[in-house]
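The values are calculated or read from the model by the stated rules, or taken from the named source; none is laboratory data. Computed from a predicted structure; not experimentally measured. Using ideal geometry, Cβ is built from the backbone for each residue, glycine included, and neighbour counts are taken over all protein chains shown.
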Amino acid sequence: MITEKEKDLARGCIAFAMNNGAAGARASLSKCVTDGCTMLNGELDKVTHSADRSIYLYLFVDGRYGTFSTNRLEKDELEDFISKAMTMVRMLGEDPCRKLPEPSRTAKDAVTGKELGLCDASYHKIDSQTRLANAEHLSIYASVADEDHKSWRLISEECEYSDTIDDNFTVDSQGFEGRHTETAFTCFTEMTIESAEGDKYSGHWWESSSHLDRMDLSGCGRTALERAVRQIGPKKRRSGHYRMVVDSTVSTRLVSPIFSALNASAIQQKMSFLEGSAGTKVFPEELTIMDLARSEGKPGARLYDTEGVATEDAPVVREGTVNRYFVNTYMAGKTGFAPTVEDVSRPCLMPFIKGKALDSSEKELSLNALIRFCGNGILVTGFNGGNCNPVTGDFSFGIEGYAFSRGKITHPVREMLITGNIMELWNNLLAAGSDARPSSRWQIPSLAYEDVVFSA
């Protein structure tokens, strides 16, 4: 996608900035194209196409710093844009912590952009008819509408197929050059039904892959429909303390506050409940979370961050101990922390069952295995609003899901809240499954906790 001429244009931006008084500069050129087809009730509803080409400039001038972007990529226009941008940067206050990363920390192996195997070579052969056929393949509206269901009827079905190619080339004034290219294919289906009692329920499902031939289009609609039908007949559950199992489709909601709290920016601003935790055991010893940034062919993999700093496969939490903060070059200067990378790339939570050796039948820990292990409790399949206080870790989330008893799901539950403190919650972790969704950047499996406060 990005041509040699366009790469030279990015290099030229760096040269022009440096020749006009910049102490350092970085340019990031991105091209992204997305095409999609949407079906509504088995009929083509809309066709979409979007294309973006832009360049982001990071300018370090006289101890000052500014970021700018433009989609006007003609040489003369860019030079005029950079000149005006540098004038604006000189109006800002000095900040000695603003600088480019040390060249020794930048990636040296991101040359072609295809080193991680995230680009489908057949992408350019996909035409509008193929996209339409893929969208039509998702729809099960006709077959479901003809089926005789006494307890519910199908109201609507929406299916969407899309494909994207995203190409990035980054260069800086210290000699770094890096390229990352990937394709993404996504399908999504949402089914809405009405029960015999007149209540409406919706269920959705999605699949995604970097390669089209690795994605299953056929089961998306049926899974979405099953998730809608299973919600019929919810019952109230009394407030109290329950064991909780969280489905892998939504478990990232409980993990993301940890990564936010490990960001050096949050720590520096006193907005982190994990301030001072580096090198400290604050989680259960069974908990290990890896950042497997360089996993070839896997969603979220990357060889460098937006600064050009090389990623690495590294533990974030190892056996309950916080192993690293996420510290970019600027925050390293502000906090005194050793620089790492700016953010997590591909977090992977390792499976376990607390206090129990795994037999051969349990080494693959499915959602049902965790439900059986917990015995009685509530399975959470969705979060409806709520938040986690970044300073204290106190949280409140609306949930939907199912009650289970003796290891089997009994009935749906809705209109409940879970409340507590995120650190206390994680220290009540009982088990983590091995069922993280392959199509997700966040490799977070189903999770099981004990003694969770539910409010009706």
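Quick one: which strands (runs of 3 or more DSSP E) lie wholly within the stretch 1-109 and hold at least 3 residues that are buried (at least 16 other Cβ atoms within 10 Å of the Cβ) and in contact with a helix residue (DSSP H, G or I) (Cβ under 6 Å, 6 or more places away or on another chain)?
24-40, 64-70
Sort out which residues of the stretch 255-277 are part of a loop (DSSP other than H, G, I, E, B), crowded, with 16+ Cβ neighbours inside 10 Å and hydrophobic (A, V, I, L, M, F, W, C), and write them in order of number.
Leu262, Phe273, Leu274
When you scan the stretch 396-411, do you find a residue that is closer than 30 Å to Ser295 by Cα and either part of a strand (DSSP E or B) or touching a residue at least 40 places away in the same chain (Cβ under 8 Å) (or both), even just one?
Within the stretch 396-411, not a single residue is closer than 30 Å to Ser295 by Cα and either part of a strand (DSSP E or B) or touching a residue at least 40 places away in the same chain (Cβ under 8 Å) (or both).
Name the residue, out of Gly175, Gly219, that is closer than 30 Å to Asn19 by Cα, over 22 Å from the mean Cα position of the chain (by Cα) and surrounded by fewer than 17 Cβ atoms within 10 Å (Cβ to Cβ).
Gly175 is the lone residue from the list that is closer than 30 Å to Asn19 by Cα, over 22 Å from the mean Cα position of the chain (by Cα) and surrounded by fewer than 17 Cβ atoms within 10 Å (Cβ to Cβ).
For (1) more than 30 Å from Thr67 (Cβ to Cβ); (2) crowded, with 20+ Cβ neighbours inside 10 Å; (3) assigned by TED's automatic domain parsing to the domain that holds Ala264; (4) at pLDDT below 95, each residue gets a yes or a no:
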position	(1), (2), (3), (4)
Asn328	no, yes, yes, no
Met331	no, yes, yes, no
Leu349	yes, yes, yes, no
Leu358	yes, no, yes, yes
Ser361	yes, no, yes, yes
Leu365	yes, yes, yes, yes
Gly377	yes, yes, yes, no
Gly398	yes, no, yes, no
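The conditions are (1) in the same structural domain as Ile155 (by TED's automatic domain parsing); (2) outside any helix (DSSP H, G or I); (3) touching a residue at least 40 places away in the same chain (Cβ under 8 Å); (4) of a type outside the set (Asp, Glu), and Gly203 fails exactly one of them. Which is it?
For Gly203, the exception is condition (3).
For the stretch 412-446, which positions are farther than 26 Å from Glu296 by Cα, touching a residue at least 60 places away in the same chain (Cβ under 8 Å) and part of a strand (DSSP E or B)?
Passing the criteria: Pro412, Val413, Arg414, Glu415, Met416, Ile418, Leu429, Leu430, Ala431.
Determine if the stretch 136-154 includes at least one residue that is under 27 Å from the mean Cα position of the chain (by Cα), among the polar types (S, T, N, Q) and within 24 Å of Leu217 (Cα to Cα).
Yes, there is a match, as at least one residue in the stretch 136-154 is under 27 Å from the mean Cα position of the chain (by Cα), among the polar types (S, T, N, Q) and within 24 Å of Leu217 (Cα to Cα).
Which of the following residues is under 30 Å from Ala121 (Cα atoms), at pLDDT 95 or above, in contact with a Pro (Cβ under 6 Å, 6 or more places away or on another chain) and not assigned by TED's automatic domain parsing to the domain that holds Thr130: Met271, Met290?
Matching residue, one of Met271, Met290: Met290.
I need the full set of residues from the stretch 231-249 which are modelled with pLDDT of 95 or more, closer than 29 Å to Phe352 by Cβ and either out of contact with any strand residue (DSSP E or B) (no Cβ under 6 Å at 6 or more places or on another chain) or of a type outside the set (A, V, I, L, M, F, W, C) (or both), in order please.
Once the filter is applied, which keeps residues that are modelled with pLDDT of 95 or more, closer than 29 Å to Phe352 by Cβ and either out of contact with any strand residue (DSSP E or B) (no Cβ under 6 Å at 6 or more places or on another chain) or of a type outside the set (A, V, I, L, M, F, W, C) (or both), the stretch 231-249 yields Gly240, His241, Tyr242, Arg243, Asp247, Ser248, Thr249.
Right, Ala184: assigned to a helix (DSSP H, G or I) and either in the same structural domain as Ile409 (by TED's automatic domain parsing) or modelled with pLDDT of 95 or more (or both) or not?
It is false that Ala184 is assigned to a helix (DSSP H, G or I) and either in the same structural domain as Ile409 (by TED's automatic domain parsing) or modelled with pLDDT of 95 or more (or both).
What number goes with the only condition from (1) in the same structural domain as Lys108 (by TED's automatic domain parsing); (2) over 23 Å from Ala301 (Cα atoms) that Val171 does not pass?
(2)
Taking the stated definitions as given, is Val229 over 16 Å from the mean Cα position of the chain (by Cα), of a type in the set (Val, Ile, Thr) and crowded, with 21+ Cβ neighbours inside 10 Å?
Values: over 16 Å from the mean Cα position of the chain (by Cα): yes; of a type in the set (Val, Ile, Thr): yes; crowded, with 21+ Cβ neighbours inside 10 Å: no.
Answer is no for this residue.
Is it true that some residue in the stretch 315-329 is closer than 25 Å to Ser272 by Cβ, in contact with a Ser or Thr (Cβ under 6 Å, 6 or more places away or on another chain), free of Cβ contacts under 8 Å to residues at least 24 places away in the same chain and in a strand (DSSP E or B)?
No, there is no match, as no residue in the stretch 315-329 is closer than 25 Å to Ser272 by Cβ, in contact with a Ser or Thr (Cβ under 6 Å, 6 or more places away or on another chain), free of Cβ contacts under 8 Å to residues at least 24 places away in the same chain and in a strand (DSSP E or B).
Filter the stretch 110-134 down to the residues that are of a type in the set (Asp, Glu) and under 26 Å from the mean Cα position of the chain (by Cα), then identify the one that is surrounded by the fewest Cβ atoms within 10 Å (Cβ to Cβ).
Glu115
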